[in-house]
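Asks: Got a structure for you, written out below as structure tokens; questions coming shortly.
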Amino acid sequence: MANSKYEYVKSFEVEDEVMHPNIIVVRLGGSNFTRFSEVHEFERPNDLKALELMNACAALVMEEYPDIVFSYGFSDEYSFVFKKTTRFYQRRASKILSLVMSFFTSTFVTRWKEFFPQKELRYPPSFHGRVISCATTEVLQQYLAWRQHECHVTNQYNTCFWMLVKSGKTNDEACEILKGTQKQEKNELLYQEFDINYKKLLEIFRQGSCVLKREVEDIVKYTDNGSPVKRLRKRPIIVHSENIAGRSFWNEHPNLLLELGGFVEDVSKTKSDYIRSFIFENKLMPSTWIVIRIDGCHFHRFSGVHEFEKPNDVQALNLMNACAMAVLQEFQDLVFSYGVSDEYSFVLKKNSNFYQRQASKIVSLIVSFFTSMYVIKWRTFFPQKELKYPPSFDGRAICYPSYDVLRDYLAWRQVDCHINNQYNTCFWALVKSGKSKNEAQHALKGTQSQDKYELLAHFGIDYNALNPMFRLGSSVFWEDAVGDENGSFVEPLLKRKVIIDHCNIIDKEFWDTHPSILH
């Protein structure tokens, strides 16, 4: 980060490390997936293709992040378990949660067509999540038993409910029939009324799905005479088990025993209230400004693979801006956002009670929705470029106590934008002139702002005449517009719309001319 008088705002960032030896579990769930499944006409009570898509995404997450050694999912939910000794991103809960959430979302959108070739993705799906910090292997065992029990109970109820509805009952009538029924009663209803033996339904519906790693032979190359060279590699596989928290299942997989430890005894009864006490939840301080800052993960590589223009790619920045505008339109409690390069900061209004100010839900949901929009809108901004692999973003939440400190935070980000962009403009001008990257770095070492202005002038570049989006970044905010439905101002009608501007947000004049943004 660049040095400036605004650097002090970094002191408000709180680290949220999950202390060793706690086992880290990330659980995600679809955001309003009841509506999503209705809009996309999923089969009831279970859509096999939708579940297979979820499983495929989970497997890819485990390939992307080797420290995840086990995952379990059903319906629109998945839990990812990290090995006990992980140091993944210094065990920071927000970073781990947002990265897993973002990559899962990105994969869900990119692979949609593979599983639903005849169905258009009508709007961006998103997920929210949280971190569960399991103090011992026994807590992890209880957690897994709880989630699989929830899978069984939910699926048995839904199977009964939808069979009743399909037989002609209304939703209310089906709910009334099932009210207070026990497990055996539901089994009897399915068998007697619909000739369904619940135990013969697909395992993926009744038991959920496990993804774990197993050593398999991979062909890594071929010799000169065409013979394959094989090596053992750990690859994710999908399995189904009646009791994923049982010792017998666990003992069948040596890798789980090695990375997480074994279970001492089988679970006789699930203790959901006990497990909830281990859920890592950071409630953000009331009456403070909440900023959610997201950053592209390994975007140096991403921009290189996708051949972005250097030092700035207009279309890539426009894509980021379009996603930010969509985020503000989706979440009405957001009042302002500022972005530069692969970063965006979103400001929630001071009195917001969005998701009861739970940091994990707010961060994961915004990161997930932004990622979803990024993948969906890619083709709009890069019609000639294939998206070669799923992008991902990480995020964090920071609270700022006052209007002045919040403005200093935004000023810090804009100063950083200017310093980094000026350096990068000089760097790439030198590289394009024939210098190596090392030579360009050496030439710029120790130079001040004025030195860079003069260097650019040598190349015929007036830095102050460059696109203001490059120099000042992008501000996205709500603006009140007056007019009637036909655009006439005869009968005023107050409307709100999201606009984008490239302006000096350090200057007090900007805030004076837009008093409604943060007040």
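The values are calculated or read from the model by the stated rules, or taken from the named source; none is laboratory data. On a predicted model such as this, the values are computed, not experimentally measured, just so you know. Ideal geometry is used to build each Cβ from the backbone, glycine not excepted, and the neighbour counts take in all protein chains shown. For accessibility, only protein heavy atoms count, side chains too; no ligands or nucleic acids. Shrake-Rupley method; radii C 1.70, N 1.55, O 1.52, S 1.80 Å.
Asks: Is it the case that residue 180 is out of contact with any helix residue (DSSP H, G or I) (no Cβ under 9 Å at 6 or more places or on another chain), on the phi > 0 side of the Ramachandran plot and open to solvent by less than 80 Å² (accessible area, probe 1.4 Å)? Spell out how you get there, then give the answer.
Replies: Details: out of contact with any helix residue (DSSP H, G or I) (no Cβ under 9 Å at 6 or more places or on another chain): yes; on the phi > 0 side of the Ramachandran plot: yes; open to solvent by less than 80 Å² (accessible area, probe 1.4 Å): yes.
Spelling it out, residue 180 is indeed out of contact with any helix residue (DSSP H, G or I) (no Cβ under 9 Å at 6 or more places or on another chain), on the phi > 0 side of the Ramachandran plot and open to solvent by less than 80 Å² (accessible area, probe 1.4 Å).
Asks: Condition first: more than 16 Å from residue 210 (Cα to Cα) and in a helix (DSSP H, G or I). Now tell me which residues in the range 45-67 satisfy that.
Replies: 49, 64
Asks: Continuing with the same structure: Write out, first by first residue and then by second, each pair whose Cβ atoms fall under 8 Å of each other, whose residues are 6+ apart or on separate chains, and whose first residue, in the range 415-441, is free of Cβ contacts under 8 Å to residues at least 12 places away in the same chain and loosely packed, with under 15 Cβ neighbours inside 10 Å while the second is of a type outside the set (Phe, Trp, Tyr) and assigned to a helix (DSSP H, G or I).
Replies: 437/431; 439/430
Asks: What helices (runs of 4 or more DSSP H) completely inside the range 346-459 contain at least 2 residues that are hydroxyl-bearing (Ser, Thr, Tyr)? Walk me through it before giving the result.
Replies: Values: elements: 359-381, 403-432, 437-444, 449-458.
Answer list for the range 346-459: 359-381, 403-432, 449-458.
Asks: Next question. Looking only at the range 162-173, which residues are open to solvent by 20 Å² or more (accessible area, probe 1.4 Å) and assigned to a helix (DSSP H, G or I)?
Replies: 162, 163, 165, 166, 171, 172, 173 - these are the residues of the range 162-173 that are open to solvent by 20 Å² or more (accessible area, probe 1.4 Å) and assigned to a helix (DSSP H, G or I).
Asks: Let me ask something else. Scan 50, 58 and give me the residue that is at pLDDT 95 or above, at negative phi, open to solvent by less than 10 Å² (accessible area, probe 1.4 Å) and of a type outside the set (D, E, K, R).
Replies: Answer to the selection: 58.
Asks: Just wondering, is there one or more residues in the range 143-157 that are over 23 Å from residue 266 (Cβ atoms), open to solvent by 40 Å² or more (accessible area, probe 1.4 Å) and free of Cβ contacts under 8 Å to residues at least 12 places away in the same chain?
Replies: Within the range 143-157, not a single residue is over 23 Å from residue 266 (Cβ atoms), open to solvent by 40 Å² or more (accessible area, probe 1.4 Å) and free of Cβ contacts under 8 Å to residues at least 12 places away in the same chain.
Asks: Could you please find all residues in the range 212-263 being assigned to a loop (DSSP other than H, G, I, E, B) and either in contact with a His (Cβ under 8 Å, 6 or more places away or on another chain) or of a type in the set (S, T, N, Q) (or both)?
Replies: 223, 225, 227, 241, 243
Asks: Considering only the range 454-467, state which residues are within 22 Å of residue 6 (Cβ to Cβ) and surrounded by fewer than 18 Cβ atoms within 10 Å (Cβ to Cβ).
Replies: The one that is within 22 Å of residue 6 (Cβ to Cβ) and surrounded by fewer than 18 Cβ atoms within 10 Å (Cβ to Cβ): 464.
Asks: Condition (residue is modelled with pLDDT of 95 or more and open to solvent by less than 10 Å² (accessible area, probe 1.4 Å)) applied to the range 376-387: is it met by at least one residue?
Replies: yes
Asks: Return yes when residue 482 is farther than 30 Å from residue 405 by Cα, open to solvent by less than 90 Å² (accessible area, probe 1.4 Å), aliphatic (A, V, I, L, M) and modelled with pLDDT of 95 or more and no when it is not.
Replies: So residue 482 fails the test.
Asks: Of all residues being hydroxyl-bearing (Ser, Thr, Tyr) and without any contact (Cβ under 8 Å) to a residue 60 or more places away in the chain in the range 4-42, which is nearest to residue 115 (Cα to Cα)? Just the residue, please.
Replies: By that ranking, first place goes to 37.
Asks: Go through the residues of the range 469-478 one by one and say whether even a single one is polar (S, T, N, Q), modelled with pLDDT of 95 or more, part of a strand (DSSP E or B) and open to solvent by less than 70 Å² (accessible area, probe 1.4 Å).
Replies: Let us first name the residues in the range 469-478 that are polar (S, T, N, Q), namely 474-475.
Those still in the list that are modelled with pLDDT of 95 or more too: 474-475.
Going one step further and asking which of them are part of a strand (DSSP E or B), we end up with 474-475.
Subsequent filtering for residues that are open to solvent by less than 70 Å² (accessible area, probe 1.4 Å) retains 474-475.
Yes - at least one qualifying residue is present in the range 469-478.
Asks: Something else: Hey, does the range 360-369 have a residue that's surrounded by fewer than 20 Cβ atoms within 10 Å (Cβ to Cβ), under 30 Å from residue 279 (Cα atoms) and out of contact with any strand residue (DSSP E or B) (no Cβ under 7 Å at 6 or more places or on another chain)?
Replies: Checking the range 360-369: not a single residue is surrounded by fewer than 20 Cβ atoms within 10 Å (Cβ to Cβ), under 30 Å from residue 279 (Cα atoms) and out of contact with any strand residue (DSSP E or B) (no Cβ under 7 Å at 6 or more places or on another chain).
Asks: Can I ask one more? Where residues in the range 485-499 are open to solvent by less than 60 Å² (accessible area, probe 1.4 Å) and modelled with pLDDT of 90 or more, which of them is nearest to residue 333 (Cα to Cα)? Break it down into steps so the answer makes sense when it comes.
Replies: Taking the range 485-499 and keeping what is open to solvent by less than 60 Å² (accessible area, probe 1.4 Å), we get 487-488, 498-499.
Right, trim to modelled with pLDDT of 90 or more and you get 498-499.
Working: 498: 13, 499: 16 Å.
Result: 498.
Asks: Follow-up question, since we're still on this one. All but one of (1) open to solvent by less than 30 Å² (accessible area, probe 1.4 Å); (2) of a type in the set (Gly, Ala, Ser); (3) closer than 27 Å to residue 517 by Cβ hold for residue 392; which doesn't?
Replies: Unmet for residue 392, out of (1) open to solvent by less than 30 Å² (accessible area, probe 1.4 Å); (2) of a type in the set (Gly, Ala, Ser); (3) closer than 27 Å to residue 517 by Cβ: (3).
Asks: What's the number of the only condition in (1) closer than 15 Å to residue 369 by Cβ; (2) touching a Pro at 6+ places or on another chain (Cβ under 8 Å) that residue 127 fails to meet?
Replies: For residue 127, the exception is condition (2).
Asks: Also, quick follow-up: Looking at the range 68-87, can you tell me whether even one residue there is part of a helix (DSSP H, G or I) and in contact with a strand residue (DSSP E or B) (Cβ under 8 Å, 6 or more places away or on another chain)? Step through it out loud before you land on a result.
Replies: Taking the range 68-87 and keeping what is part of a helix (DSSP H, G or I), we get none.
Taking every residue of the range 68-87 in turn, none turns out to be part of a helix (DSSP H, G or I) and in contact with a strand residue (DSSP E or B) (Cβ under 8 Å, 6 or more places away or on another chain).
Asks: Just name the residue that is nearest to residue 12 (Cα to Cα) out of those in the range 282-313 that are open to solvent by 60 Å² or more (accessible area, probe 1.4 Å) and of a type outside the set (Lys, Arg). Before you say what the answer is, go through the steps one by one.
Replies: First, pick out the residues of the range 282-313 that are open to solvent by 60 Å² or more (accessible area, probe 1.4 Å): 282-283, 285-287, 298, 300-301, 307, 309-310.
Then drop every residue that is not of a type outside the set (Lys, Arg), which leaves 282, 285-287, 298, 300, 307, 309.
Details: 282: 15, 285: 12, 286: 15, 287: 15, 298: 25, 300: 27, 307: 36, 309: 35 Å.
Selected residue: 285.
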